[in-house]
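Take a look at the structure below.
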Amino acid sequence: MNPEKLINPLIIYWDINPDQSEDDIVLRICGELVDTGVFILDLKDMSQQQGGVTEKILKRLSKEQIKIILTSDSTFLRMPVEVLKGPQLFIEFDSVERFRTGLDDVLDQIRKGHAAGVSFGLNSRNFLELPGFISLCIDNKIENVSIPIQRAYDSEVFYPDPDEASGLSEALDKLDLEHLNLSIHDPFLWKMFYKKENPNEDGCNAAKTMMYISKDFEVTPCPIMPISIGNLRETSLKEIFSSMMRQEVRDKLLLEPDECGACSLLDKCKGGCRGRTYVISGSLNKRDPACLSPQTK
């Protein structure tokens, strides 16, 4: 195996702590995002606060060449209009019932000309609601839909069992997805929607094109992979991006899981979601438990 020559990540995921008040660290990170040439900043803020950390970040980066994606339950509805002109906005819901309740807020943002959409974080309690959620988007002409990467700090890292996956696939078959702009990070979920391999899929990109900043400023390879590469209270982004720890993690992710060795899909799949595998099994050398390929059983 030849190790990859790592460059600065293209996308940074950053979850905002509602109680965060360390403005000096937050603003320093913003400057480092600019200096390191990050292309996309994907912010998640569930703080319910007005004028908090997220608003400071948006104001600091408003004139920079960074595409910002902001996901929130509805916090940004209380931010000044001028702050919201640049980011792509996603209002997050965890059930169809709450989506129906908040539907007018989403449609109001779209009417105002904002790049607004909805986010639906999957778990064992709402997984079977996904077709209904997508149907509501289609019926209301909401084009931008995100099914985000799960977080390692969530109470569970969810994946469907074979029966659930089969039922979901059948329900999704009945929906017209043509006009939806779907953002799906899970390779197996993507296949449930489109019944084929993702042509843009090239295995796990953790610690390569993406990295994650937690609510406590911990930097990990991706939101679902709890392997610390450094903490921004003590270390700069530049140092973390160029660290041996990052290179070592990436080298391990390039190794094919032993359990996938005989699978004909391995060349494309590369072992699936390596973060989910790590959280559930404690190892990077096992197959993704969400994989339904009979060749890996």
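Highest average first, the peptides 239-252, 80-93 ordered by how many other beta carbon atoms sit within 10 Å of their residues are 80-93, 239-252.
At 1.4 Å probe radius, can you tell me the per residue accessible area of the chain in Å²?
49
Restricting attention to the chain, close to 15% of DSSP beta bridges with both partner residues there are antiparallel.
Divide by every residue of the chain the summed helix terms, -39500 (n - 2.57) for each DSSP H run of at least 4, and state the resulting mean residue ellipticity at 222 nm, rounded to the nearest 500 deg cm²/dmol.
My calculation for the chain gives -9500 deg cm²/dmol from helical runs alone.
Principal semi-axes of the equivalent ellipsoid, √(5λ) from the alpha carbon gyration tensor of the chain, are 29, 27, 15 Å from largest down.
Building the convex hull from the alpha-carbon atoms of the range 227-297 and averaging its projection over directions returns 5.4 nm². Please work out the FRET efficiency for the pair Glu178 and Arg125, using the Cβ-Cβ distance as r and a Förster radius of 41 Å; give the result to the nearest 0.05. Using R0 = 41 Å, I get an efficiency of 0.90. Pairs spanning more than 19 Å between alpha-carbon atoms, out of Lys174/Lys196; Lys5/Lys63; Lys67/Lys215; Lys215/Lys270; Lys238/Lys268: Lys5/Lys63; Lys67/Lys215; Lys215/Lys270; Lys238/Lys268. Relative intensity of the range 131-222 on a log10 scale, I(q)/I(0) at q = 0.10, 0.14, 0.16 Å⁻¹, equals -0.33, -0.64, -0.82, per a Debye sum over C-alpha point scatterers of equal strength in the absence of solvent.
Close amide-amide hydrogen proximity is noted between Thr71 and Leu43, Lys44, Asp45, Phe90, each under 5 Å apart and 5 or more residues distant or on a separate chain (H modeled in the peptide plane; Pro and chain starts excluded). Across the range 144-284 the C-alpha pair distances fall into 5 Å bins from zero in the proportions 2, 9, 17, 20, 19, 15, 10, 5, 3, 1, 0 percent. In order along the range 10-15, phi translates into HN-Hα couplings of 7, 10, 10, 9, 9, 8 Hz, rounded to whole numbers, per the Karplus curve 6.51 cos²θ - 1.76 cosθ + 1.60 with θ = phi - 60° and x for Gly and Pro. Here the Karplus curve 6.51 cos²θ - 1.76 cosθ + 1.60, taken at θ = phi - 60°, turns the phi angles of the range 202-212 into couplings of 9, x, 6, 9, 4, 6, 10, 8, 10, 8, 9 Hz, with x standing for Gly and Pro. Placing +1 on the Cβ of every Lys and Arg and -1 on the Cβ of every Asp and Glu, with nothing else charged, gives the range 190-297 a dipole about its Cα centre of roughly 320 debye. For Asp267 and Leu77, the difference between the fully extended length at 0.36 nm per residue and the C-alpha to C-alpha distance is 64.0 nm.
For the chain, the fraction of 1.4 Å probe accessible surface lying on carbon and sulfur atoms is 48 percent.
Of the peptides 269-278, 186-195, 142-151, how do they stack up when ordered by the mean number of other Cβ atoms within 10 Å, highest first?
Descending packing order for the listed peptides: 269-278, 142-151, 186-195.
Considering all different alpha carbon pairs of the range 198-257, the Kirkwood hydrodynamic radius works out to 12.0 Å.
The packing ranking of peptides 219-228, 34-43, highest mean first, is 219-228, 34-43, where packing means the average number of other beta carbon atoms within 10 angstrom of each residue. Here the dipole of the chain is about 560 debye; that uses its Cα centre as origin and unit charges on the Cβ of Lys and Arg (positive) and Asp and Glu (negative).
Using the alpha-carbon positions of the range 141-186, Rg (one decimal) and Dmax (whole number) come out as 13.0, 34 Å.
The values are calculated or read from the model by the stated rules, or taken from the named source; none is laboratory data. Model, not experiment: these values are computed from the prediction. As a convention, Cβ positions derive from the backbone with ideal geometry for all residues, glycine included, and neighbour counts pool all protein chains shown. Only protein heavy atoms, including side chains, enter the accessible area calculation; ligands, DNA and RNA are left aside. Shrake-Rupley method; radii C 1.70, N 1.55, O 1.52, S 1.80 Å.
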